[in-house]
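The values are calculated or read from the model by the stated rules, or taken from the named source; none is laboratory data. Note that the coordinates shown come from a computational prediction; the quantities given were computed from them, not determined experimentally. For neighbour counting, all protein chains shown are included, and Cβ atoms are generated from backbone atoms with ideal geometry for every residue, glycine included.
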Amino acid sequence: MAAARVRDHLSLDYLGNLARAGVRPADVDLVVNTHLHVDHVGWNTRLVDGDWVPTFPNATYLMPRPDFLFWDPANNDNLAGGVNENVFADSVAPVRAAGQIQLWEGSHAIDEHLRLEAAPGHTPGSSVLKLDSGGSRALFAGDLIHTPLQVLEAGHNSCFCEDPGIAVATRRRLLSWAADHQALVLPAHLSGPGALEVEHRGDAFAISRWAPFTRL
Ligand SMILES: [Zn+2]
């Protein structure tokens, strides 16, 4: 029996939520994929008359080059049956075919306030987005952590981290940066209060404050 494709053909109200926030797909000029796992690229494309097409026809899609290379089945024989099987074909290749992908590596300045930085380990090309504006900082952390427990126990990885040793080193480096700069940390997967601030606690970290909002 063929393995079920993870989260394939979900029917969620993502575009409806965007519309209620006042954003039409045609208005979006930039899409950031922190990495190319299935749950971070799903709305890159949508199915129209049987073909996957970019959801945001006027956007440049920023993707980390190491992930783009790693998850391309032309370069990787180990995707069958895995969490990311078929994801490249459905959610990345159609954007490439449309000429809308800009690859980057190392770091990439979007403007004077927003900068992408490599944060490898979870995947080879995993990245974070740093916001620096008016003296305030935020760290859009992708999958640096999946649970608040990974702030308290930064040596613990998720089962999806490709390189456990590098993932731990990256987590500690970025949590340390967030603590040093009082940056609001916004991981992709926290339920309830979706963002937090961290502080040093000896050689470890602690949660100093939860952001005063909840995610929908
Ligand atoms: Zn991930």
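If you check LEU103, LEU69 for being more than 23 Å from HIS189 (Cα to Cα), in contact with a Lys or Arg (Cβ under 6 Å, 6 or more places away or on another chain) and more than 16 Å from the ligand (Cβ to nearest atom), only one passes: LEU103. Does at least one position in region 195-210 carry a residue that is within 18 Å of the chain's Cα centre (by Cα), within 16 Å of the ligand (Cβ to nearest atom), outside the structural domain of ARG20 (by TED's automatic domain parsing) and not polar (S, T, N, Q)? Looking for residues that are within 18 Å of the chain's Cα centre (by Cα), within 16 Å of the ligand (Cβ to nearest atom), outside the structural domain of ARG20 (by TED's automatic domain parsing) and not polar (S, T, N, Q), one finds none in region 195-210, hence no. Of all residues in region 118-134, those satisfying the criterion of being buried (at least 16 other Cβ atoms within 10 Å of the Cβ), assigned to a strand (DSSP E or B) and either of a type outside the set (Lys, Arg) or in contact with a His (Cβ under 8 Å, 6 or more places away or on another chain) (or both) are ALA118, SER127, VAL128, LEU129, LEU131.
In this entry, LEU175 is excluded by the filter for residues that are of a type in the set (A, V, I, L, M, F, W, C), crowded, with 19+ Cβ neighbours inside 10 Å and under 15 Å from the mean Cα position of the chain (by Cα).
GLY155: of a type outside the set (A, V, I, L, M), assigned to a loop (DSSP other than H, G, I, E, B) and at pLDDT 95 or above, yes or no?
Here the answer is yes, as GLY155 does meet what is asked.
State yes or no: is VAL83 in a strand (DSSP E or B) and within 16 Å of the ligand (Cβ to nearest atom)? Taking the combined requirement at face value, the residue does not satisfy it. Here ALA119 meets the list (1) more than 14 Å from the ligand (Cβ to nearest atom); (2) modelled with pLDDT of 95 or more almost entirely, failing just condition (1).
Taking the criterion of being in a loop (DSSP other than H, G, I, E, B) and touching a Pro at 6+ places or on another chain (Cβ under 9 Å), would at least one residue in region 163-177 satisfy it?
yes
Within region 201-216, identify whether any single residue is touching a Phe, Trp or Tyr at 6+ places or on another chain (Cβ under 9 Å) and either among the aliphatic types (A, V, I, L, M) or free of Cβ contacts under 8 Å to residues at least 60 places away in the same chain (or both), and answer yes or no. No, there is no match, as no residue in region 201-216 is touching a Phe, Trp or Tyr at 6+ places or on another chain (Cβ under 9 Å) and either among the aliphatic types (A, V, I, L, M) or free of Cβ contacts under 8 Å to residues at least 60 places away in the same chain (or both).
State yes or no: is GLY99 surrounded by fewer than 20 Cβ atoms within 10 Å (Cβ to Cβ) and at positive phi? Spelling it out, GLY99 is indeed surrounded by fewer than 20 Cβ atoms within 10 Å (Cβ to Cβ) and at positive phi.
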